[in-house]
1. Of the residues Met149, Met137, only one is in contact (Cβ under 8 Å) with a residue 40 or more places away in the chain and open to solvent by less than 80 Å² (accessible area, probe 1.4 Å); which?
2. Name the residue that is nearest to Arg131 (Cα to Cα), counting only residues in the stretch 42-66 that are more than 12 Å from the chain's Cα centre (by Cα) and open to solvent by 30 Å² or more (accessible area, probe 1.4 Å).
3. Return the only residue of Asn124, Asn181 being out of contact with any Pro (no Cβ under 6 Å at 6 or more places or on another chain), outside any strand (DSSP E or B) and without any contact (Cβ under 8 Å) to a residue 12 or more places away in the chain.
4. Starting from the stretch 28-41, keep only residues that are open to solvent by 20 Å² or more (accessible area, probe 1.4 Å), then list their pairs with residues that are assigned to a strand (DSSP E or B) and among the hydroxyl-bearing types (Ser, Thr, Tyr) whose Cβ atoms are within a distance under 8 Å, requiring at least 6 positions of separation or different chains.
5. Of all helices (runs of 4 or more DSSP H) completely enclosed by the stretch 1-68, which ones contain at least 2 residues that are on the phi < 0 side of the Ramachandran plot, at pLDDT 95 or above and among the β-branched types (Val, Ile, Thr)?
6. Only one of Arg89, Arg79 is farther than 19 Å from Asp184 by Cα and assigned to a strand (DSSP E or B); which?
7. Just the residues that are hydroxyl-bearing (Ser, Thr, Tyr) and at pLDDT 95 or above, please, taken from the stretch 71-116.
Amino acid sequence: LIDGGGSVYNGTGYDVGENVVLPYLVKRGIHRLDAVIVSHEHGDHTQGLLAVLDTLQVDSLFQSSCIEGSEPYYSQLIRIAEKRKVPVRILKAGDTLSIGSEVRMKVLFPEDAAEDNGDKTNPNNQSLVMRMEYQGMSMLFTGDLESLMEERLLNQDIEKVDVLKVAHHGSRTSTTQEWLNRLDPEV
């Protein structure tokens, strides 16, 4: 599971994890997750993971090497992981995750926290960018990466993908035409 969303009703007591994400998983018979991945620490990506981590068996929690830990939902998530003894693992560019025998995920960004990752003042631009390969299909997960970091990745040898999860909820701050042209996704 990559990110868990967050409630547009912040402050009203509505819990997107308890009311949407967890029921969705349980209804489909999912009671265990190999991995929960946090692209970055903003609440609109972490809030929905709280109920999941607190209820389901989760083998590992993965996060970017650049998370500072100042966001409240993220801090709660780490406390739940500690309470449930879920190992928290740090990911950086070049790392690869294998989930089962068929799923491979390669981390493209960010580098190690000690490296210059560009826009350090904006947690969106420290989002995990991961390429997943599964049965000959490729997907790119981008968190809330904005155009500044897309440009940086375009200067690397980034490959085409079959499926692109657009960054930053489809906002105008990301998913530039050059990015789309290079990745050339079918979906």
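1. Values: Met137 fails: in contact (Cβ under 8 Å) with a residue 40 or more places away in the chain.
Exactly one residue qualifies, and that residue is Met149.
2. So the residue we want is Asp59.
3. Values: Asn124 fails: without any contact (Cβ under 8 Å) to a residue 12 or more places away in the chain.
Only one candidate qualifies: Asn181.
4. Final answer for the pair search is Asp34/Ser60.
5. Working: elements: 22-27, 43-46, 49-55.
Per the criteria, 49-55.
6. Details: Arg79 fails: assigned to a strand (DSSP E or B).
Matching residue, one of Arg89, Arg79: Arg89.
7. Initially, the stretch 71-116 is screened for residues hydroxyl-bearing (Ser, Thr, Tyr), giving 73-75, 96, 98, 101.
Listed by number, the list holds a single entry, Thr96.
The values are calculated or read from the model by the stated rules, or taken from the named source; none is laboratory data. Computed from a prediction, not measured in an experiment: that's the story for all the values here. Note that each Cβ is placed from the backbone with ideal geometry, even for glycine, and that neighbours are counted across all protein chains shown. Please note that ligands, DNA and RNA were not included when accessible areas were found on the heavy atoms of the full protein model with its side chains. Shrake-Rupley method; radii C 1.70, N 1.55, O 1.52, S 1.80 Å.
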